[in-house]
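Undergrad: If you scroll down you'll find the structure; I have some questions about it.
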Amino acid sequence: MKDLKGKTAFITGGSTGIGFGMATVFARAGMNVAITDIRDEQLVIAEKELKTITDNVITINVDSTDSGAMENAADELEKSFGPLHVLCNNAGIPGGAKILETDDARWRLVFDVNFYGPINGINAFLPRMLEHGEEGHIVNTSSFSGIHGHGHQSAYGSSKFAVVGMSEFLRNDLADTNIDVSVLCPHVADTPIIANLKKRVTEDVLKMINEMAVPAETVGSQVMNAILTNEFYVFCDGTHTRGMLETRCNDMIAAMDRQFPKT
């Protein structure tokens, strides 16, 4: 996609954090913006702020784990703005603990929101996007925890790894269409999840988080650039994150070299 002005975006979990950052950037670019949340009070606040930028904003209370609700949201969006061009499957929840310390209910809830939520978004909107035939883009929000297994994030990290894999296969599926795909892998962004995390960590960890944290609107701008340039992986930090990614990739290549030495 080369121009977003006048196009329509739908963002789940769009009333706060990264979702709201994307919504703000898209609104400034002249897009029609629809955001969802399950909290009416947050939707009211977000709508008020976005309407200082544009009147082309709607909010929808929808649970992304409910496939029927997502279909209804797709209908509502089309009635307001017509065909969808940018789908951002962004809603997510944390689930950080060691595997044996994470109960089954938490595993299932985290995967319902973080993995099946995007699947529901794709199932509800992608057929319509393919049918209208215009250029489009799907952005699935994963995490750097879906690229590099670090810490003790069990359900959350596993669900985000699944989102990266699903996005790679979706890209393959859509290679011969007008729909492109990106997977967003933020490490530390200024979101309510990170704000809550800051309350529970040591001073050393807090210092590191503050050094790494990227403003939500910056992430939104990075996402918009990825849409305009058809960039698949979207990373939001090039310092701490780069070193961790290099270590992971080097470890994999080294393991392959040990098993299949170069001749």
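The values are calculated or read from the model by the stated rules, or taken from the named source; none is laboratory data. As the structure is a prediction and not an experimental result, all values here were calculated from the model. Here Cβ is always computed from backbone atoms with ideal geometry, including for glycine, and neighbour counts include all displayed protein chains.
Undergrad: Being under 19 Å from THR141 (Cα atoms), at pLDDT 95 or above, surrounded by fewer than 17 Cβ atoms within 10 Å (Cβ to Cβ) and out of contact with any His (no Cβ under 8 Å at 6 or more places or on another chain) narrows it down to one residue among ASP40, ASP66; which is it?
TA: On the way: ASP40 fails: under 19 Å from THR141 (Cα atoms).
From the options ASP40, ASP66, the qualifying one is ASP66.
Undergrad: Now for a separate question. Could you list all residues from region 133-173 that are small (Gly, Ala, Ser) and surrounded by fewer than 16 Cβ atoms within 10 Å (Cβ to Cβ)? Reasoning before the result, please.
TA: Kept after step one, since they are small (Gly, Ala, Ser), are these residues of region 133-173: 133, 136, 142-143, 145-146, 149, 151, 154-155, 157-159, 162, 165, 167.
Residues satisfying the conditions are GLY133, GLY149, GLY151, GLY165.
Undergrad: Could you look through region 231-244, keep only residues that are surrounded by 13 or more Cβ atoms within 10 Å (Cβ to Cβ) and in a loop (DSSP other than H, G, I, E, B), and pick out the one that is nearest to the chain's Cα centre (by Cα)? Walk me through how you get there before you give the answer.
TA: Of the residues in region 231-244, the ones surrounded by 13 or more Cβ atoms within 10 Å (Cβ to Cβ) are 231, 233-237, 240-241, 244.
Still in the running and in a loop (DSSP other than H, G, I, E, B): 231, 236-237.
On the way: GLU231: 14, CYS236: 12, ASP237: 15 Å.
Checking each candidate, the answer is CYS236.
Undergrad: Then there's this: For region 1-26, what are the residues that are crowded, with 23+ Cβ neighbours inside 10 Å and without any contact (Cβ under 8 Å) to a residue 60 or more places away in the chain?
TA: SER15
Undergrad: Under 8 Å by Cβ, and 6 or more places apart or on different chains, what pairs join a residue from region 129-147 that is without any contact (Cβ under 8 Å) to a residue 40 or more places away in the chain and under 16 Å from VAL181 (Cβ atoms) with one that is assigned to a helix (DSSP H, G or I) and of a type in the set (A, V, I, L, M)?
TA: Cβ pairs passing all conditions: GLY146/ALA162; GLY146/VAL163; GLY146/VAL164.
Undergrad: Another question about this same structure. So, in region 27-56, exactly how many residues are touching a helix residue (DSSP H, G or I) at 6+ places or on another chain (Cβ under 9 Å), free of Cβ contacts under 8 Å to residues at least 40 places away in the same chain and aliphatic (A, V, I, L, M)?
TA: Result for region 27-56: 6.
Undergrad: For the condition over 23 Å from THR191 (Cβ atoms), buried (at least 17 other Cβ atoms within 10 Å of the Cβ) and out of contact with any helix residue (DSSP H, G or I) (no Cβ under 7 Å at 6 or more places or on another chain), what is the one hit in LEU84, LEU77?
TA: Numbers: LEU84 fails: out of contact with any helix residue (DSSP H, G or I) (no Cβ under 7 Å at 6 or more places or on another chain).
On inspection, the qualifying residue turns out to be LEU77.
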